[in-house]
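Peer 1: Here it is: the structure, laid out below.
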Amino acid sequence: DAGVTQSPTHLIKTRGQQVTLRCSPISGHKSVSWYQQVLGQGPQFIFQYYEKEERGRGNFPDRFSARQFPNYSSELNVNALLLGDSALYLCASSPINTGELFFGEGSRLTVL
Amino acid sequence: GENVEQHPSTLSVQEGDSAVIKCTYSDSASNYFPWYKQELGKRPQLIIDIRSNVGEKKDQRIAVTLNKTAKHFSLHITETQPEDSAVYFCAASKLGGGATNKLIFGTGTLLAVQP
């Protein structure tokens, strides 16, 4: 079975630009979460979606937004990029609204 | 606010020795405590987890202990091997009751196992 897949794997943007990151959960998983991992730190919770509804939001500015589609895939959008947005963005899925998270390999964003 | 502290930040052991990593959480409502291993450039992978109704859990060379009163939990790796070298993250979460499965991660421990 395929694991959590994310695209793109790497991307470079400049300040002020916008970025869209994509995630496909493990088949059968209805919950998708997004985390930001800055180099040398633990992942920080950004969003969780379950059954296409937002179920949680971390302490991130409104420049960050996300959505979940009917097939349970998800997109994370970040507007007006700042240098500090440079990080590994991890998507994780889980079969129900609680429990073990299965992480994808991440999208590494570099903002110049 | 919710917080998880993790110590030490780096840990170097000789192959065959034991390694212990400790975490403290702030939210007394937390009831799920997973440990993730992250190799360089790779995704975090769950290695063991424990729920608050259990004090200890073991899986081969890995064990986790939980002290709810003190809000401490620890990862124990015995007979360490070079392939155990990685960054280890503890996390805490509140499961059930309609809550999200938001994980609050610690800051990570870089474990180096010297051959």
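Quick note: the coordinates plus some simple rules give every number you see, no bench work behind them. In this text the structure is predicted, and so the values were computed from the model without any measurement. Reconstructed Cβ throughout: ideal geometry from the backbone, glycine too, with neighbour counts over all protein chains shown.
Peer 1: Of all residues in the range B:86-100, how many are part of a loop (DSSP other than H, G, I, E, B) and either within 12 Å of the chain's Cα centre (by Cα) or in contact (Cβ under 8 Å) with a residue 40 or more places away in the chain (or both)? First the steps, then the outcome.
Peer 2: From the range B:86-100, those part of a loop (DSSP other than H, G, I, E, B) are B:94-100; that's our starting set.
Next, only the ones that are either within 12 Å of the chain's Cα centre (by Cα) or in contact (Cβ under 8 Å) with a residue 40 or more places away in the chain (or both) stay: B:94-96.
Counting residues in the range B:86-100 that are part of a loop (DSSP other than H, G, I, E, B) and either within 12 Å of the chain's Cα centre (by Cα) or in contact (Cβ under 8 Å) with a residue 40 or more places away in the chain (or both) gives 3.
Peer 1: Can you find even one residue in the range B:12-24 that is assigned to a strand (DSSP E or B), in contact with a His (Cβ under 6 Å, 6 or more places away or on another chain), polar (S, T, N, Q) and touching a residue at least 24 places away in the same chain (Cβ under 8 Å)? Walk me through it before giving the result.
Peer 2: Filtering the range B:12-24 down to residues assigned to a strand (DSSP E or B) leaves B:12-14, B:19-24.
Still in the running and in contact with a His (Cβ under 6 Å, 6 or more places away or on another chain): B:20, B:22, B:24.
Now drop any that are not polar (S, T, N, Q), which leaves B:24.
Restricting the remaining residues to those that are touching a residue at least 24 places away in the same chain (Cβ under 8 Å) gives B:24.
Checked against the condition, which is being assigned to a strand (DSSP E or B), in contact with a His (Cβ under 6 Å, 6 or more places away or on another chain), polar (S, T, N, Q) and touching a residue at least 24 places away in the same chain (Cβ under 8 Å), the range B:12-24 yields at least one hit.
Peer 1: Let me ask another. Give the number of residues within the range A:51-92 that are over 22 Å from B:Glu2 (Cα atoms), in contact (Cβ under 8 Å) with a residue 60 or more places away in the chain and part of a strand (DSSP E or B).
Peer 2: Adding up the residues that qualify gives 1.
Peer 1: Something else: Residue check: is B:Val113 more than 23 Å from A:Gln44 (Cβ to Cβ), part of a strand (DSSP E or B) and of a type outside the set (Ser, Thr, Tyr)? Walk me through how you get there before you give the answer.
Peer 2: Details: more than 23 Å from A:Gln44 (Cβ to Cβ): yes; part of a strand (DSSP E or B): yes; of a type outside the set (Ser, Thr, Tyr): yes.
The answer is yes for B:Val113.
Peer 1: Please go through the range B:88-106 and pick out each residue that is facing chain A (nearest Cβ under 9 Å) and among the aliphatic types (A, V, I, L, M).
Peer 2: Answer for the range B:88-106, where residues must be facing chain A (nearest Cβ under 9 Å) and among the aliphatic types (A, V, I, L, M): B:Ala91, B:Leu95, B:Ala99, B:Leu103, B:Ile104.
Peer 1: Given the criteria in a strand (DSSP E or B) and away from every other protein chain (no Cβ under 11 Å), does A:Ile12 qualify?
Peer 2: Details: in a strand (DSSP E or B): yes; away from every other protein chain (no Cβ under 11 Å): yes.
When the stated conditions are applied, A:Ile12 passes them.
Peer 1: Any residue at all in the range B:97-115 that is out of contact with any Cys (no Cβ under 8 Å at 6 or more places or on another chain), surrounded by 13 or more Cβ atoms within 10 Å (Cβ to Cβ), at positive phi and not aromatic (Phe, Trp, Tyr)? Break it down into steps so the answer makes sense when it comes.
Peer 2: The initial filter retains those residues of the range B:97-115 that are out of contact with any Cys (no Cβ under 8 Å at 6 or more places or on another chain), namely B:97-104, B:107-115.
Now narrow it down to the ones that are surrounded by 13 or more Cβ atoms within 10 Å (Cβ to Cβ): B:99-104, B:107-113.
Now narrow it down to the ones that are at positive phi: B:108.
If we keep only those that are not aromatic (Phe, Trp, Tyr) as well, we get B:108.
The answer is yes; a qualifying residue exists.
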